[in-house]
1. Can you go through Val112, Val123, Val61, Val66 and tell me which one is assigned by TED's automatic domain parsing to the domain that holds Val216, touching a Cys at 6+ places or on another chain (Cβ under 7 Å) and not aromatic (Phe, Trp, Tyr)?
2. Give region 237-251 a look and list any residue that's among the hydroxyl-bearing types (Ser, Thr, Tyr) and surrounded by fewer than 17 Cβ atoms within 10 Å (Cβ to Cβ), or say none.
3. Yes or no: region 272-294 includes at least one residue that is more than 15 Å from His344 (Cβ to Cβ), open to solvent by 60 Å² or more (accessible area, probe 1.4 Å), of a type outside the set (A, V, I, L, M, F, W, C) and under 30 Å from the mean Cα position of the chain (by Cα).
4. Any residue in region 198-205 that is part of a helix (DSSP H, G or I) and in contact (Cβ under 8 Å) with a residue 60 or more places away in the chain?
5. Which residue is nearest to Gln361 (Cα to Cα), if the candidates are limited to region 31-43 and must be in contact (Cβ under 8 Å) with a residue 24 or more places away in the chain and open to solvent by 40 Å² or more (accessible area, probe 1.4 Å)?
6. Would you be able to tell me the number of residues in region 317-349 that are in a strand (DSSP E or B) and out of contact with any Cys (no Cβ under 9 Å at 6 or more places or on another chain)?
7. Would you mind finding the one in Leu248, Leu193, Leu184 that is within 14 Å of the ligand (Cβ to nearest atom), in contact with a strand residue (DSSP E or B) (Cβ under 9 Å, 6 or more places away or on another chain) and more than 19 Å from Ala58 (Cα to Cα)?
8. Please list, ordered by first then second residue, the pairs with beta carbon atoms under 6 Å, 6 or more apart or interchain, first in region 150-170 and within 10 Å of Arg107 (Cβ to Cβ), second open to solvent by 60 Å² or more (accessible area, probe 1.4 Å).
Amino acid sequence: MKGFSTPAYVYDTQLLNDTLESIKAETCNDPAFCVHYAIKANDQHDILTMIAKQGFGADCVSGGEVRASIEAGFPAELITFAGVGKADWEIVLALENGIGMFNVESREEMEVISEIATAMNKVAHISLRINPDVHANTHAHITTGRAENKFGIASEDMLEVVRLSNDLPGLSFEGLHFHIGSQLLDMSDFEALCLRINQLQDKLESAGFHAKNINVGGGLGVDYEHPQEHPIANFKAYFSTFRQHLQLLQGQRLHFELGRSIVAQAGILLSKVLYVKHTATKNFVILDAGMTELLRPALYGALHKIENLSAEERHTDESPECVDVVGPICESSDVFARDYLLPHTQRGDLVAIRTAGAYGQTMASTYNHRPLPKVYFI
Ligand code: LLP
């Protein structure tokens with residue numbers, strides 16, 4: 001990686017393919033399972049085409065994502081469109097392209113989709129995103145299935161909204177959608193979701209309605225602490241949790257929307273050390289990458305493993321030094337790690353920030369008038 005310009009995202013296509021193969025191995029015997037890739041995690045065209053080629057669907061949350069997934073070759077019928085604030089032009093775009101499913105987040109949105117679809121002489125296939133009020137064990141900013149979150153329709157209102165969907169023109173009610181949060185490593189969170197879905201399905205069936213599709217969203221977490229030891233997420237445990245606890249009805253399809261677990265480990269943020277600055281109380285390793293390239297540490301206090309690749313090549317046996325690894329941005333929160341042990345580091349060293357393939361490049365910004373990071377595939 002010596003010739004690469006920094007800061008840059010570097011993606012390992014072999015690991016991405018191995019990850020996709022692992023998902024297929026865990027699901028392929030079950031034609032009821034349909035995995036969509038949540039493209040918000042990483043919307044690089046080359047990554048999208050690789051995932052589309054392997055037969056996955058796409059989960060989108062904006063018109064731009066719908067367009068990008070069509071351009072990358074995802075079949076329209078395997079594209080789902082979620083999000084609490086779908087604009088009219090985005091609904092039109094999705095209908096024009098004949099996407100498989102709108103995951104509807106409110107009665108108000110459903111009425112607008114009905115109006116637009118009727119005016120276009122189309123039928124929108126809709127699933128209702130139900131807020132299951134399940135408390136997932138993750139960072140407060142990335143939990144989505146609690147009653148106080150803005151997402152979805154309250155479960156108490158489910159029957160009323162399903163009834164209304166049958167009365168409104170231009171809509172076909174196809175199923176229920178859920179998503180409880182992200183970076184979930186405790187399978188009991190997904191188990192709790194399954195039990196809640198079973199209850200809601202009972203309620204729906206007793207009222208005479210049937211969901212042909214159940215979508216359980218995404219959320220499977222990855223190992224940020226030991227990325228090399230666990231490069232592929234625990235798909236076995238994840239899918240078997242749903243097999244074991246979710247009571248699927250005859251002919252029902254089960255959809256997943258995985259983002260992070262598909263791409264996170266396949267990407268690193270490569271950066272160069274600009275300065276090693278010593279003060280009375282601290283040693284700062286100042287990188288040419290900052291919160292503009294990888295926002296997660298500043299936004300969620302997330303810790304990504306940091307490795308000094310140049311020091312590893314030097315093979316020195318000096319003891320590690322305790323440093324704060326920071327970026328160049330004019331914000332005090334522009335810190336990748338505090339009191340972190342790195343081998344002796346010097347100006348010009350190349351540093352890898354691991355597990356950056358998901359929610360890294362897609363959340364990058366041009367703050368401080370910086371260019372967007374470069375991209376390499378290896
Ligand atoms: N489906 C829906 C409706 C979602 O909102 C999300 C993520 C996913 C699927 C994919 O979830 P995943 O499998 O990637 O956990 N920027 C944050 C993560 C935000 C997740 C937003 N929704 C982070 O860097 O941790």
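1. Val66
2. Ser240, the sole residue that qualifies.
3. Checked region 272-294: at least one residue is more than 15 Å from His344 (Cβ to Cβ), open to solvent by 60 Å² or more (accessible area, probe 1.4 Å), of a type outside the set (A, V, I, L, M, F, W, C) and under 30 Å from the mean Cα position of the chain (by Cα).
4. There is at least one residue in region 198-205 that is part of a helix (DSSP H, G or I) and in contact (Cβ under 8 Å) with a residue 60 or more places away in the chain.
5. Among residues in region 31-43 that are in contact (Cβ under 8 Å) with a residue 24 or more places away in the chain and open to solvent by 40 Å² or more (accessible area, probe 1.4 Å), the one nearest to Gln361 (Cα to Cα) is Asp43.
6. Result for region 317-349: 10.
7. On the way: Leu248 fails: within 14 Å of the ligand (Cβ to nearest atom); Leu193 fails: in contact with a strand residue (DSSP E or B) (Cβ under 9 Å, 6 or more places away or on another chain).
Within the list Leu248, Leu193, Leu184, the selection yields Leu184.
8. Val161/Arg107
The values are calculated or read from the model by the stated rules, or taken from the named source; none is laboratory data. Here the structure is a predicted model, which means the values were calculated and not measured. For neighbour counting, all protein chains shown are included, and Cβ atoms are generated from backbone atoms with ideal geometry for every residue, glycine included. All accessible areas refer to the heavy atoms of the entire protein, side chains included, with ligands and DNA or RNA removed. Shrake-Rupley method; radii C 1.70, N 1.55, O 1.52, S 1.80 Å.
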